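Below is one structure; the comments refer to it alone.
The values are calculated or read from the model by the stated rules, or taken from the named source; none is laboratory data. The model shown is predicted, which means the values in this text are computed figures rather than measured ones. Here the Cβ positions follow ideal geometry from the backbone for every residue, glycine too, while neighbour counts run over all protein chains shown.
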């Protein structure tokens, strides 16, 4: 799995890094739906984007839509 470079990965809070990794591995084993991993992944990307002053409004809208339809 490669979501972002190491420098940016370590800007993600440790609990969210753990969640992204854990959900990815659980999804790969067929234990959870991919949506849970995608939501955690988006949260990590949004977090780093905000730190770097990037407009993440579209990603936040995508996240809200995914969380609304969470199964």
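Reported count of residues in the stretch 24-42, each being in contact with a helix residue (DSSP H, G or I) (Cβ under 6 Å, 6 or more places away or on another chain) and either assigned to a helix (DSSP H, G or I) or touching a residue at least 12 places away in the same chain (Cβ under 8 Å) (or both), is 9.
Filtered by the rule that a residue be outside any helix (DSSP H, G or I) and on the phi < 0 side of the Ramachandran plot, the stretch 43-70 gives 52, 54, 55, 56, 69, 70. Taking every residue in the stretch 1-23 that is on the phi < 0 side of the Ramachandran plot and assigned to a helix (DSSP H, G or I) and pairing it with any residue that is loosely packed, with under 15 Cβ neighbours inside 10 Å and modelled with pLDDT under 95, at least 6 positions away or on another chain, the pairs with Cβ-Cβ distances below 8 Å are 21/1. Contact annotation: residue pairs with Cβ atoms under 8 Å, 6 or more positions apart or on different chains, pairing a residue in the stretch 51-71 that is closer than 21 Å to residue 33 by Cα with a partner that is assigned to a loop (DSSP other than H, G, I, E, B), are 71/33.
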